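The values are calculated or read from the model by the stated rules, or taken from the named source; none is laboratory data. All values derive from a computational prediction rather than experimental measurement. Positions of Cβ are backbone-derived with ideal geometry, glycine not excepted, and every protein chain shown enters the neighbour counts.
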């Protein structure tokens, strides 16, 4: 059972971590957000406040509810603050070395029955379990971006994950109002194995001069009823994240159909990562229609 009297620990205050913290607090959980960078925590608080203000403006929540949600969240740079938490969500950057560093520190802080959920979008849960002395209590819980809006969560069972961890993660995700899709540990899981190669193919179309950025996106919006074109979506996700996932798919399956487009690599090398750098396939320093 997920106890709402026990705080949820969210490690990582980036876009995903802050979104996860917000949805947890909005559903009655006390949340401890941990990040090594004070600036990251300040940005997270600002981002969450801005998101909640938007919900108030839209009439989805009241100003009082906004204040109550913010009051349920605390921030710290000290990992020890999660000591005693029964459920932890690891949402640090998609780097094996960073996740390894975090996971290796958790056993000394958590009880043996605490469940650790990794928000990884492509790393193997089984492999991450090798960095954690209690791999049976590690499960993948992949939220979609933006977390407060997107209704789906992927639940991934690693080779060593036990039923208790899966059941706890499932109950927790559904308590947030999310729909859960369960899958076994496989590169890209379900969503990214389908989505990122589609984005990669759209980049190939641009690379080969088949159509312009705008026309590729317009074709997919109007021709397939996608709410957002693939290149616009790549900018939202982050081109570095798209490239990292494509590389993992390619390495995981050794299939040339997962070869990253050279243009995607060039954009990342140039530091054009999408919305987070204000430039990607679109220029966000100017107003977009």
Residue check, residue 216 assigned by TED's automatic domain parsing to the domain that holds residue 264 and either over 28 Å from residue 271 (Cβ atoms) or at pLDDT 95 or above (or both): yes
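Among 245, 203, which is assigned to a helix (DSSP H, G or I) and at pLDDT below 95?
Numbers: 203 fails: at pLDDT below 95.
From the options 245, 203, the qualifying one is 245.
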Close pairs from segment 1-23: first at positive phi, partner surrounded by fewer than 24 Cβ atoms within 10 Å (Cβ to Cβ) and at pLDDT below 95, Cβ under 8 Å, at least 6 apart: 12/93
Selected residue (criterion: farthest from residue 260 (Cα to Cα)) from residues of segment 206-218 that are in contact with a helix residue (DSSP H, G or I) (Cβ under 9 Å, 6 or more places away or on another chain) and in a helix (DSSP H, G or I): 214
Test set (1) part of a loop (DSSP other than H, G, I, E, B); (2) touching a residue at least 24 places away in the same chain (Cβ under 8 Å); (3) surrounded by fewer than 19 Cβ atoms within 10 Å (Cβ to Cβ) - residue 150 fails condition number: (2)
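Every residue, every condition in (1) modelled with pLDDT of 95 or more; (2) over 21 Å from residue 243 (Cα atoms); (3) out of contact with any helix residue (DSSP H, G or I) (no Cβ under 6 Å at 6 or more places or on another chain), yes or no:
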{"site": "121", "(1), (2), (3)": "no, no, no"}
{"site": "139", "(1), (2), (3)": "yes, yes, no"}
{"site": "145", "(1), (2), (3)": "no, no, yes"}
{"site": "152", "(1), (2), (3)": "yes, yes, yes"}
{"site": "165", "(1), (2), (3)": "yes, yes, no"}
{"site": "190", "(1), (2), (3)": "yes, no, yes"}
{"site": "199", "(1), (2), (3)": "yes, no, no"}
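A quick yes/no check of all residues on (1) closer than 20 Å to residue 102 by Cβ; (2) surrounded by 16 or more Cβ atoms within 10 Å (Cβ to Cβ):
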| position | (1), (2) |
| --- | --- |
| 137 | yes, yes |
| 161 | yes, yes |
| 178 | no, yes |
| 194 | no, no |
| 203 | no, yes |
| 207 | no, no |
Every residue from segment 1-15 that is under 17 Å from the mean Cα position of the chain (by Cα) and either at pLDDT 95 or above or crowded, with 24+ Cβ neighbours inside 10 Å (or both): 8, 9, 10, 11, 12, 13
Total residues in segment 238-248, condition surrounded by fewer than 24 Cβ atoms within 10 Å (Cβ to Cβ) and touching a helix residue (DSSP H, G or I) at 6+ places or on another chain (Cβ under 8 Å): 3
Of the criteria (1) assigned to a helix (DSSP H, G or I); (2) out of contact with any strand residue (DSSP E or B) (no Cβ under 9 Å at 6 or more places or on another chain); (3) surrounded by 15 or more Cβ atoms within 10 Å (Cβ to Cβ), which one residue 260 fails: (1)
